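To keep things clear, I will list the structure first and then write my remarks on it.
Every read-out reported here was derived from the displayed coordinates using simple, explicitly stated rules and does not represent laboratory data. The structure displayed is predicted, hence computed values, not measured ones. Counting neighbours? That spans all protein chains shown, and the Cβs are built from the backbone with ideal geometry, glycine included.
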Amino acid sequence: MTDRVAIVTGAARGIGAATVHRLATTGWRVVAVDRCADDPRVPYPLGTKQQLAALAAEHPDAVVDVVADVQDLPALHDAVAVAEDRFGHLDAAVAAAAVMAGGRPLWETTDGEWDALFDVGVHGVANLARAAIPALLRRPKPRSGRFVALASAAAHRGLYQLAGYTAAKHAVVGLIRGLAHDLRGTGITATAVSPGSTRTDMLTETARLYDLDTPDTFAQHQLLGRLLDPDEIAATVAWLCQPDASAITGTVIHADGGFTP
């Protein structure tokens, strides 16, 4: 068992939910955060209050569900306060919230699609850092705080008709590299995880954008020859949250099944 506490955004489903589950089943206490509402700028349904509540109900003594939008910095400050008030402190923050939009050339991308990709996928990561890092710094020395953001294999190679998504995930990597330098000497690390094609609702939407009958088609791009499971990515994230990952900061872990050369 551990006395460590985490906050995870984008927690209602997908990799975020898998991360909450993995942390909670290994002794962590977790504040699970999701906006639990659709975004009119993206054409597919997002996670729901029911999904977030069901996740928390699986771990009644370890997980607290909080409805908050990563675009709302004061709401994230409140979510961090829940972690400290309920569990006493904060040791890790995982930025997993993101959306998918695209399916057309960059010059045909709408302002709404572009804004959604960056408002949620980049500004949301920065907002979590701005809310959570002060709490991580409130832990006494020697600290072992962790900030982990979900990037993507798209951050490292261009994807057809997904220039906005590619740019947003590339920005996440840059943000993490800069944040790691800001955290120099504090005992807190900042890392990114770049998944490959993972069986999530976001990948289903990506398949729809490409007019594919099934997201399984994306498996051909990965050396494993299959789609990844969200728990495989969550395992990497959860390990990075541990004190044992102290040597890793300012860099990217490619949990992509061999998608990126």
Checklist outcome for this item: Note, the stretch 40-53: 3J(HN,Hα) by Karplus (6.51, -1.76, 1.60, θ = phi - 60°), whole Hz, Gly/Pro = x, goes x, 7, 10, x, 9, x, 9, x, 10, 4, 5, 5, 5, 5
Next on the checklist: If you wrap a convex hull around the alpha carbons of the stretch 1-96, what volume per residue comes out, as a whole number of Å³?
Outcome noted: 80
Next on the checklist: Report the Cα centroid-to-centroid distance between the stretch 47-73 and the stretch 91-166 in angstrom, as an integer.
Outcome noted: 19
Next on the checklist: Using 0.36 nm times the number of residues separating Trp107 and Asp61, minus their current alpha carbon distance, what extension gain do you get?
Outcome noted: 11.7 nm
Checklist outcome for this item: Checked against the positive end of the charge dipole of the stretch 38-126 (+1 on Cβ of Lys and Arg, -1 on Cβ of Asp and Glu, about the Cα centre), the farthest of Ala75, Gly103, Thr48 is Gly103
Next on the checklist: Can you list residues from other chains, or at least 5 along the same chain, whose modelled amide H is less than 5 Å from the amide H of Asp256?
Outcome noted: Gly196
Item to check | Pairwise label distance in nanometres, Asp201 with Asp182, each label 7 Å out on the Cα-Cβ vector | outcome: 3.0
Checklist entry - What spacing in nm lies between the two simple spin-label points modelled at Arg157 and Ala81, each 7 Å away from Cα in the Cβ direction? => result 4.6
Checklist outcome for this item: Taking Cα atoms, the helix 14-25 axis meets the longest principal axis of the chain at an angle in degrees (rounded to 10) of 30
Next on the checklist: Only Cα pairs within less than 10 Å get springs; with that Gaussian network setup on the chain, which residue of Pro43, Pro140, Pro60 has the largest fluctuation?
Outcome noted: Pro140
Next on the checklist: Mean-square fluctuation check for the chain, GNM, Cα pairs under 10 Å: which of Ala17, Ala235, Ala116 is largest?
Outcome noted: Ala235
Checklist entry - Which of the following values of semi-axes √(5λ) of the Cα gyration tensor in Å was calculated from the structure shown: (1) 25, 23, 18; (2) 28, 19, 18; (3) 59, 20, 16? => result (2)
Checklist entry - What's the angle, to the nearest 10 degrees (0 to 90), between helix 73-87's Cα axis and the longest principal axis of the chain? => result 40
Next on the checklist: Loop only by DSSP, 11 or fewer other Cβ within 10 Å of the Cβ. Give me the chymotrypsin sites (Phe, Trp or Tyr not before Pro) in the stretch 152-261 that pass, ordered by residue number.
Outcome noted: Tyr160
